[in-house]
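Scroll down for the structure; my scribbles are underneath it.
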Amino acid sequence: MSKTNNEATKPAAKPQLFKVKLLKPHTHAGESKQADDSIDVTAPERDFLIGVGVIESPNTTDGAAPAAE
């Protein structure tokens with residue numbers, strides 16, 4: 001008479017991570033990072049870091065080299 005809930009047993013989906021380069025020092029995951037260090041962040045983290053000027057927006061068109069070459 002009992003049914004198992006398949007949704008409850010599925011593992012949570014892992015969020016997509018983005019590699020970003022820091023423009024200035026930042027503490028990430030409890031570790032101090034320096035400018036030019038790269039870190040992996042989720043989309044909301046990336047948006048926050050862009051908003052506070054810690055990383056550059058990927059949409060910036062100032063002649064900067066693309067992130068992946």
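The values are calculated or read from the model by the stated rules, or taken from the named source; none is laboratory data. Remember, predicted model here, so these are calculated numbers, not experimental data. Positions of Cβ are generated from backbone atoms using ideal geometry, with glycine treated the same way; all protein chains shown enter the neighbour counts.
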**Matching residues in the stretch 38-57 - criterion: being under 10 Å from residue 21 (Cα atoms) and either modelled with pLDDT under 95 or assigned to a strand (DSSP E or B) (or both)** = 38, 39, 40, 55, 56
**Request:** Working carefully through the options 35, 67, find the one that is surrounded by 10 or more Cβ atoms within 10 Å (Cβ to Cβ), modelled with pLDDT of 95 or more and in a loop (DSSP other than H, G, I, E, B).
**Result:** 35
**Item:** Failed criterion for residue 21 (all others in (1) among the charged types (D, E, K, R); (2) modelled with pLDDT under 95; (3) in contact with a strand residue (DSSP E or B) (Cβ under 6 Å, 6 or more places away or on another chain) hold)
**Value:** (2)
**Complete:** Filtering the stretch 11-32 down to residues that are assigned to a strand (DSSP E or B), more than 19 Å from residue 59 (Cβ to Cβ) and of a type outside the set (Ser, Thr, Tyr) yields 26, 28, 31
